1. Just need the relative contact order of the stretch 241-352 here, percent rounded to a whole number, with Cα pairs under 8 Å and 6+ apart.
2. Mind checking which aspartates and glutamates have their C-alpha under 14 Å from residue 112, skipping anything on the same chain fewer than 8 residues away?
3. Can you tell me the accessible area per residue over the chain, all protein chains present, probe 1.4 angstrom, in square angstrom?
4. Which value at 222 nm does the chain reach when only helices count, each DSSP H run of 4 or more adding -39,500 (n - 2.57), with the total divided by all residues and rounded to the nearest 500 deg cm²/dmol?
5. Could you tell me which of the pairs 46/352; 146/191; 268/332; 74/181; 23/181 are separated by over 19 angstrom between their Cα atoms in the structure shown?
6. Ranked from highest to lowest mean number of other Cβ atoms within 10 Å per residue, what is the order of the peptides 27-35, 47-55?
7. Given a Förster distance of 45 angstrom, what is the FRET efficiency for residue 188 paired with residue 253, based on the Cβ-Cβ distance and rounded to 0.05?
8. When the accessible area of the stretch 10-223 is computed with all protein chains present and a 1.4 Å probe, what percentage of it is carbon and sulfur?
Amino acid sequence: MSYPKIKIDLDKIKNNINIILKKAQENNIDIMGVTKGFACEPEIVKVFLENGIKMVGDSRIINLKKIQNLDLIKVLIRIPMISTALEVVKYSDISLNSEIKTIEELNKAGKKLNKTHGVILMVEQGDLREGFLPEEILEVAYEVEKMENINLEGIGTNFTCVGGVIPDSNKIFQLSQLTEKVEEKIGRKLKIISGGNSSSYHQLGEVDLKRINNLRIGEGILLGRETAFGENILGTKDDGFILEGEIIEIKEKESVPYGRRGMDAFGKKPEFKDRGLRKRAILALGKQDFECESLYPIDKGVEIIGGSSDHLVVDISDSKINYEVGKTMEFKMGYGALLRGMTSIYVDKEYKK
Ligand SMILES: *Cc1c(COP(=O)(O)O)cnc(C)c1O
């Protein structure tokens, strides 16, 4: 037993999958379960598989490599690096793409490996991360359709990643219209129309999704959150992953730093409110392993003051719990903390079954 550790409750993840899949099925939507939030740990991916998810997406080949023996369609959801074309074709069935040059390399890799690789063409719809421009997509689709070792599976789009742009009926209409134009151009139907991530979840049952038949869901499954408005998905659990850290110091200290002040460890100048003497605790965990801004103490009487590489400082003055050095404290995690914590070698992972 070592700290910090992330305690993973597979039943809660199962619960979230069931709720999300049911809602998706009622609306004729397939769910691609996105696994990057937990580094594609096979133990958790098995829960995805056992509960009806047939397709998983991860941003890294090294993660997809871990689940080669699981009977799932594996999708690389970060557009591929040309330098990894062979591995992409070897370890994933489908990849999301936005560069014709890269797809040509995947085609070559496919020839070498005597394998057909599926591609989903991403379309830029305003969030300004990856995607072909709508005006180039028809020509690209036509070219890709001719490639011998590439199978054009469909088209997709991305929202609320860089620009914070939320999917709406207008975007859905545009994507559906593009789908039909592409189909006309290549003379056949597309299989997958992937309409976004957890930020599209709130659309289910609310608006007509037209041709969209797939959503890529990570945070919704892991933390029960739709990400357009940051709301909890009804019936889901947000505590399937709990961080437990050990307290290494408790002292009453001033609430405002004293002495001549420059920058903190990360080049910032933090502001502090003077609240007099406060009881503070230090936990043995920090920014190396977690995004401290997305840690949420389970004890409502605890407030996070700040973190450095290896320390998290919290105010415990208002807590009803009698904390002691050597005891632990628990936190819920946001996506940022989860991503980093699950990939950190300094963080223990423990499964509750
Ligand atoms: C991370 C990611 C997702 C999943 O996003 P969530 O907000 O976790 O649902 C979907 N698609 C792409 C391309 C991603 O990078």
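The values are calculated or read from the model by the stated rules, or taken from the named source; none is laboratory data. Here the structure is a predicted model, which is why all the values come from computation and not from measurement. Glycine also receives a Cβ, built like all others from the backbone with ideal geometry; neighbour counts cover every protein chain displayed. For accessibility, only protein heavy atoms count, side chains too; no ligands or nucleic acids. Shrake-Rupley method; radii C 1.70, N 1.55, O 1.52, S 1.80 Å.
1. Values: 206 pairs, mean separation 36.9, N = 112.
This gives 33 percent for the stretch 241-352.
2. Counting by Cα, and skipping residues close in sequence, residue 112 has these aspartates and glutamates nearby: 87, 104, 148.
3. On the way: 17330 Å² over 353 residues.
On a per-residue basis, the chain sits at 49 Å².
4. Working: 9 runs with 93 residues, N = 353.
For the chain, the value works out to -8000 deg cm²/dmol.
5. Numbers: 46/352 14 Å; 146/191 17 Å; 268/332 25 Å; 74/181 27 Å; 23/181 29 Å.
Beyond 19 Å between Cα atoms: 268/332; 74/181; 23/181.
6. Values: 27-35: 22.2, 47-55: 17.1.
Those peptides, ordered most packed to least, come out 27-35, 47-55.
7. Numbers: r = 69 Å, r/R0 = 1.53.
With R0 = 45 Å, the Cβ-Cβ based efficiency is 0.05.
8. On the way: 4410 of 9250 Å².
With neighbouring chains kept in place, the figure for the stretch 10-223 is 48 percent.
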